[in-house]
Amino acid sequence: LLIKLNIKVNIELNSMPTVYHEGASRTILITADGEQSIRALVAVHSKEIETGLARADALIRTLAETGQLRSPDQWRKEGDGFWAIRAKQIRFYGWYEPGSIFVVSHVICKRHQKLSEADKSRMLKNQAEYRNSKKRD
Amino acid sequence: MTLVQELLKQSKNGKKELARQDLIVSVTEQVWAILEDSNLSKADLARALETSKSNVTQLLSGNRNMTLATLADIGEALGAKPKVHFDRQGFIQQGRTGLTPQATTSSQSRGVFNLEAANQLQGTQTITARTHGFAKSAMSVGLPFLITTE
């Protein structure tokens, strides 16, 4: 029973979002899935992906510092309260939470313009996990 | 430092790419801010620059290199004079490159791009290189950079 409890606590701790960037206007959190997806993309060692990640990172830090992004081509509402930061083929998907928080759900490299059903499901799952963890707090 | 910064700084071109994209986002977000505050569209800017809307889209999304000449033309079209500073002090203090809170908060709602923080910087220097060479040049001499408009 103790082992089971320990595993459960570890899984819950691992799924807790961490601070990605603390800005003057907003705090950016990132889910465990988000962190893993960034690590996986960096591991590809593609220049195109590195450029996209670096630009998306600069955009998300701008969002944290100023509270908004001006470029409509790189900041898009995806529906159902979800947003995408778009830089080349890189997409940072996320949503707003009360308290000037933006949570990054996951990061992908894609060619399609629209949010896929798979990404929407992944985001809903990460959002449910985040909100459940907040309830437990 | 964010996770992306931490990971990319370990790769061969990562540092360079972080510096380049910081500068690109800093400049393009400022241009977007002026357009938005002045109620102007990409098409209006394209007309003023005597170029196509798709060229402006490429420039403002950072997918096309912007030369200093183009930046000056954009400033002229928008009635805002771009200024470039190398920020040696910021580099030492922050231990990172590019985007700074000062560089991004200056543009908020005033429509006037007078970066007060820039006056406090030490060791600033106006440069005349082409924009796509800024980041590389700055990194090679250990300087982060700001582009501001007033």
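Bear in mind these aren't lab numbers, they're just calculated from the coordinates by the rules spelled out. Note that this is a predicted model, so its numbers are computed, not measured. Neighbour counts run over all protein chains shown; Cβ positions are idealised from the backbone, glycine included.
Is it the case that the stretch B:39-48 has a residue that's within 30 Å of A:Val42 (Cβ to Cβ), away from chain A (no Cβ under 14 Å) and over 18 Å from the mean Cα position of the chain (by Cα)?
no
Can you tell me which residues in the stretch B:6-38 are of a type outside the set (S, T, N, Q), facing chain A (nearest Cβ under 10 Å) and without any contact (Cβ under 8 Å) to a residue 60 or more places away in the chain?
B:Glu6, B:Leu7, B:Leu8, B:Lys12, B:Gly14, B:Glu17, B:Ile24, B:Val31, B:Trp32, B:Leu35, B:Glu36
Does A:Ala32 satisfy being more than 9 Å from chain B (Cβ to nearest Cβ), surrounded by 15 or more Cβ atoms within 10 Å (Cβ to Cβ), under 14 Å from the mean Cα position of the chain (by Cα) and under 30 Å from B:Asn39 (Cβ atoms)?
So A:Ala32 fails the test.
Which of the residues spanning the stretch A:66-87 are assigned to a loop (DSSP other than H, G, I, E, B), at the interface with another protein chain (Cβ under 8 Å from one of its Cβ atoms) and in contact (Cβ under 8 Å) with a residue 12 or more places away in the chain?
Once the filter is applied, which keeps residues that are assigned to a loop (DSSP other than H, G, I, E, B), at the interface with another protein chain (Cβ under 8 Å from one of its Cβ atoms) and in contact (Cβ under 8 Å) with a residue 12 or more places away in the chain, the stretch A:66-87 yields A:Leu69, A:Ser71, A:Asp73, A:Gln74.
Name the residues in the stretch A:115-137 that are over 26 Å from A:Lys47 (Cβ atoms) and part of a loop (DSSP other than H, G, I, E, B), would you?
A:Asp137
Can you name the number of the only condition in (1) surrounded by 17 or more Cβ atoms within 10 Å (Cβ to Cβ); (2) part of a helix (DSSP H, G or I); (3) within 9 Å of chain B (Cβ to nearest Cβ); (4) of a type outside the set (Gly, Ala, Ser) that A:Arg39 fails?
Going through the list (1) surrounded by 17 or more Cβ atoms within 10 Å (Cβ to Cβ); (2) part of a helix (DSSP H, G or I); (3) within 9 Å of chain B (Cβ to nearest Cβ); (4) of a type outside the set (Gly, Ala, Ser), A:Arg39 breaks only (1).
Can you confirm whether A:Ala24 is over 18 Å from B:Asn63 (Cα atoms), in contact (Cβ under 8 Å) with a residue 24 or more places away in the chain and assigned to a loop (DSSP other than H, G, I, E, B)?
Taking the combined requirement at face value, the residue satisfies it.
Under the condition of being over 10 Å from the mean Cα position of the chain (by Cα) and among the hydrophobic types (A, V, I, L, M, F, W, C), which residue from the stretch A:63-107 is nearest to A:Arg122 (Cα to Cα)?
Restricting to residues being over 10 Å from the mean Cα position of the chain (by Cα) and among the hydrophobic types (A, V, I, L, M, F, W, C), the top hit is A:Phe82.
State all residues of the stretch B:44-60 that are in contact (Cβ under 8 Å) with a residue 12 or more places away in the chain and surrounded by fewer than 18 Cβ atoms within 10 Å (Cβ to Cβ); if no residue qualifies, say none.
The answer is B:Ala48, B:Leu49, B:Thr57.
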